[in-house]
């Protein structure tokens, strides 16, 4: 128990240093999906599955002008909606999920996107990652947004030895200060895109390499 507490404090201290360094490195770190309200971010989150943020932003630039409310999506023609989001991949599944999700929002929440984890994950097509993103970036509720970069970097740095996203998230919730959870997620995502690449991380150019378990082994 004493060893576990020591290791947790050590990781917590490391996280604080990582956040401080990466804040200087990426002062503009924040959401990459474009949105102006919770519904838009929710839709963008559904579209982002197995798709790049840039492609989602390209699609939603037109989509958000055409569909403005949950009721608009709920009543949309399925074929027309599929055509609108075709380039994001798995378009039939996403279109069906968007329609069913928005029907639930209209019926259960009077057209307003709910603002609790329990309510959000109960919506069709919405998992913890999208729910955390909506809560954090649209409602200002601190949370860990478990995208592929956060998962990869958490494992490489040595902040979690788990493989499943929900278990990694649980580890991070114990060591990341609550007030910094959202920015921590965005900082790791920015760092993952620029330096800590999936196939060939640029360790020699990394500002946090001295705090990283992976770097110490290469």
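What to note about this one:
Okay, residues lined up against (1) in contact (Cβ under 8 Å) with a residue 60 or more places away in the chain; (2) more than 24 Å from residue 182 (Cβ to Cβ); (3) outside any helix (DSSP H, G or I):
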| position | (1), (2), (3) |
| --- | --- |
| 30 | yes, no, yes |
| 44 | no, no, no |
| 58 | no, yes, no |
| 62 | no, yes, no |
| 103 | no, yes, no |
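- With respect to (1) closer than 27 Å to residue 102 by Cβ; (2) part of a helix (DSSP H, G or I); (3) in contact (Cβ under 8 Å) with a residue 60 or more places away in the chain, the lone exception for residue 166 is condition (3).
- Condition met for residue 54 (outside any loop (DSSP other than H, G, I, E, B), within 17 Å of the chain's Cα centre (by Cα) and modelled with pLDDT of 95 or more): yes
- The stretch 162-181: number of residues that are within 14 Å of residue 141 (Cα to Cα) and surrounded by 12 or more Cβ atoms within 10 Å (Cβ to Cβ): 4
- Restricting attention to the stretch 58-93, the residues being within 18 Å of residue 130 (Cβ to Cβ) and out of contact with any helix residue (DSSP H, G or I) (no Cβ under 6 Å at 6 or more places or on another chain) number 3.
The values are calculated or read from the model by the stated rules, or taken from the named source; none is laboratory data. Note that the coordinates shown come from a computational prediction; the quantities given were computed from them, not determined experimentally. Here Cβ is always computed from backbone atoms with ideal geometry, including for glycine, and neighbour counts include all displayed protein chains.
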